[in-house]
1. Do you know which residues across region 46-71 are at pLDDT below 85 and not basic (Lys, Arg)?
2. Any chance region 4-18 includes a residue that's in contact (Cβ under 8 Å) with a residue 40 or more places away in the chain, part of a helix (DSSP H, G or I) and either out of contact with any helix residue (DSSP H, G or I) (no Cβ under 6 Å at 6 or more places or on another chain) or open to solvent by 60 Å² or more (accessible area, probe 1.4 Å) (or both)?
3. Check 65, 51, 21, 41 and return the single one that is part of a helix (DSSP H, G or I) and surrounded by fewer than 16 Cβ atoms within 10 Å (Cβ to Cβ).
4. Filter region 68-80 down to the residues that are surrounded by fewer than 18 Cβ atoms within 10 Å (Cβ to Cβ) and assigned to a helix (DSSP H, G or I) and list them by number.
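The values are calculated or read from the model by the stated rules, or taken from the named source; none is laboratory data. Just so it is clear, the model here is predicted, and its values are computed rather than measured. Positions of Cβ are backbone-derived with ideal geometry, glycine not excepted, and every protein chain shown enters the neighbour counts. We work out accessible area using only protein heavy atoms, side chains counted, and drop any ligands, DNA or RNA first. Shrake-Rupley method; radii C 1.70, N 1.55, O 1.52, S 1.80 Å.
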Amino acid sequence: MTIDYHLSYYRVACHQLTQGIADPKEFARVEAIKDAALCAIALEADIIREIGSGKLDRPCWEKAIAFIHRYEQADLEIAA
């Protein structure tokens, strides 16, 4: 599924950001990947219809994060 592809990039970027990135250019690159992956997930989940600025506004961001949480929970339930 396409969401799995984008979610894998989102997870990796979030992990890298939580580990800390010293180089400002690398930080900006990883942050951009995280934002792009979240926008792609929001598009796939039909939360937004177009990307626009490349960053989600707060209500769409909250919906996308909630969608990811539900999606991951469903995967855990299927695996169990």
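1. 50, 51, 52, 53, 54
2. Within region 4-18, the subset in contact (Cβ under 8 Å) with a residue 40 or more places away in the chain is 7, 10.
When the remaining residues are screened for being part of a helix (DSSP H, G or I), the result is 7, 10.
Subset that is either out of contact with any helix residue (DSSP H, G or I) (no Cβ under 6 Å at 6 or more places or on another chain) or open to solvent by 60 Å² or more (accessible area, probe 1.4 Å) (or both): 7.
Checked region 4-18: at least one residue is in contact (Cβ under 8 Å) with a residue 40 or more places away in the chain, part of a helix (DSSP H, G or I) and either out of contact with any helix residue (DSSP H, G or I) (no Cβ under 6 Å at 6 or more places or on another chain) or open to solvent by 60 Å² or more (accessible area, probe 1.4 Å) (or both).
3. Details: 51 fails: part of a helix (DSSP H, G or I); 21 fails: part of a helix (DSSP H, G or I); 41 fails: surrounded by fewer than 16 Cβ atoms within 10 Å (Cβ to Cβ).
Exactly one of 65, 51, 21, 41 is part of a helix (DSSP H, G or I) and surrounded by fewer than 16 Cβ atoms within 10 Å (Cβ to Cβ), namely 65.
4. Looking only at region 68-80, we keep the residues that are surrounded by fewer than 18 Cβ atoms within 10 Å (Cβ to Cβ), and these are 69-80.
Hits for region 68-80 are 69, 70, 71, 72, 73, 74, 75, 76, 77, 78, 79.
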